[in-house]
Every structure is written in structure tokens, then in C-alpha cells.
Amino acid sequence: MGQLTSIEAEFAARVAGLGARPTDRQIARAAAAMLLMGAPPADAYQQQGQQIAYRIGGHIRERAAELTDDAGMRAAIRETGESAARQAETLAHTGVTTAAETGRAAAYDANDIEWVRWAAILDSRTSAGCALRHNRLYRWPQLTPVGHGIQIEKAPPRHPNCRSTLVPAMPSDDITETPREAFDRWLDSLAPDEVARTMGVGRLELFREGKITLRDLIGQGGKTLTLEELRERTR
């Protein structure tokens with residue numbers, strides 16, 4: 001992952017037109033501090049392997065205790081294997097994104113970048129938390145909001161399979177779409193079942209009825225509020 005971090009740092013500096021490339025020492029320091037889903041990458045992969053082994057072992061222990069037949073055990077192990085494959089894919093994807101974002105951050109630090117803008121891919125796979133931050137400006141590296149109150153509780157990737165990123169920006173930059181316009185366009189593009197999966201029907205109803213605002217969707221520290229927390233705010 002350290003090599004990917006280095007490649008991304010150089011790529012980010014070149015694409016953004018930044019003058020300086022981070023030194024090898026800066027990149028190594030950034031890579032050493034990198035966390036994958038809250039843990040050092042090696043620990044995250046080891047944890048996943050241990051969890052899978054424990055789950056499969058559990059099915060075997062159940063069979064030994066005659067709590068399930070052979071067919072049931074095979075089905076349970078097969079289901080565990082399929083679930084493990086999906087989890088491994090998620091961890092790998094998030095690991096690549098984490099390494100890439102670490103490299104970009106090193107490039108921004110090396111060039112004394114002052115502001116960044118949140119850039120999300122707006123489609124049915126986008127989370128509400130990422131969609132409402134799209135095109136919003138933040139001060140780098142503190143990630144404090146500039147001109148709005150939507151905080152960042154975690155820089156990208158802020159959740160598994162996150163595809164958002166932070167790009168260098170200026171407060172005076174012209175953007176083709178305001179954050180609110182982008183969020184409304186994203187909502188309008190979703191089918192009803194996609195809304196239920198990504199935002200939740202209850203949240204959408206409160207939002208459409210004007211009972212909550214975009215700012216209300218985010219709680220203290222930038223975390224997305226639960227539906228119950230949102231309803232409590234409207235009482």
C-alpha cells in the first residue's frame with residue numbers, strides 16, 4: 001500500500017498542477033500513520049481472516065455437537081464463504097482508496113494547500129452523508145467548514161466502499177452546481193427503493209416536508225443522524 005500511496009501522491013501533485021512532490025520521507029510517514037477502517041492495514045486484514053476462521057469453525061463445532069446435519073453445515077459454510085468474499089472485496093477496495101487519499105493528502109501538505117472541496121460520485125451507491133457534502137469547501141488540513149456548517153467526521157473514505165475524495169480548491173472558484181442543487185439532483189435521480197436504501201424513506205419525508213434541512217441531517221461531529229434523532233428534532 002505504501003507504493004500506491006507514493007504513486008497517488010505524485011499523480012495528485014501533477015494533475016492538480018501543484019509545484020512540489022512530497023519527499024519519500026513524508027510519504028513513508030503518511031503511509032505509516034494510515035488507518036484502514038480504524039486500524040493499521042495489516043491488523044485490519046488479520047482481523048478479517050480471524051473472523052472468517054472463527055465463523056467457519058463455529059459451523060464445524062455445531063456439527064460436532066450434532067446441532068446441524070452435514071447438508072446444513074455445508075450450506076452454512078458456503079454462505080459464510082460468499083459473505084467473506086464480499087467482505088474481502090470491500091476491504092480491498094477501501095484499502096486502495098485509503099492509500100490513494102493518504103497520497104493525495106501528502107501532496108497537499110507538501111504544497112501548503114489551504115482549501116479543499118468534497119467531490120462525490122452521485123449515483124445510487126452514494127451515501128446521503130457524502131452526497132450532501134458534494135461541492136462543499138473545507139479548510140485544509142483542519143477540515144473545518146468554510147461558508148457552511150456541514151462538518152466532516154472523517155475524511156474520505158468515510159465509510160466502506162466510499163468513492164468520495166477531496167480536491168484542491170479556492171473559495172472564489174466557480175462551481176457549476178451548488179451543494180443544494182447537487183443534493184436535489186441526486187435525490188431526484190434515485191428510484192424509490194434506492195432512496196430507501198441510501199437515505200431512508202423517513203428521512204426523505206421529513207426533508208421534503210420542510211421539517212428538517214440539509215444541516216439537520218448531520219449531527220455534532222459530522223455524523224449522519226438516525227431517523228429517531230431527526231424526529232426528536234422536529235418535536
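Observations on the structure shown:
- For region 88-235, the mean projected area of the C-alpha convex hull, equal to one quarter of the hull surface, is 9.3 nm².
- For the peptides 83-93, 199-209, 150-160, 105-115, the ranking by mean Cβ contacts within 10 Å, running from highest to lowest, is 105-115, 150-160, 199-209, 83-93.
- For G129, neighbours were defined as the other residues whose beta-carbon sits under 9 Å from its Cβ, and their charges (Lys and Arg +1, Asp and Glu -1) total +2.
- Each Lys and Arg adds +1 at its Cβ and each Asp and Glu adds -1 at its Cβ; summed about the Cα centre, region 158-207 shows a dipole of about 300 debye.
- Computed accessible area, S172, all protein chains, 1.4 angstrom probe, square angstrom: 90
- Sites D184 and A75, calculated FRET efficiency, Cβ-Cβ separation with R0 45 Å, nearest 0.05: 0.50
- Take the Cβ atoms of D112 and T90, set R0 to 35 Å, and the FRET efficiency comes out at 0.50.
The values are calculated or read from the model by the stated rules, or taken from the named source; none is laboratory data. In this text, all values refer to a predicted model and were calculated from it rather than measured experimentally. Here the Cβ is made from the backbone with ideal geometry for all residues, glycine too, and neighbour counts use every protein chain on show. Remember, those area values only see protein heavy atoms, side chains included, never the ligands or the DNA or RNA. Shrake-Rupley method; radii C 1.70, N 1.55, O 1.52, S 1.80 Å.
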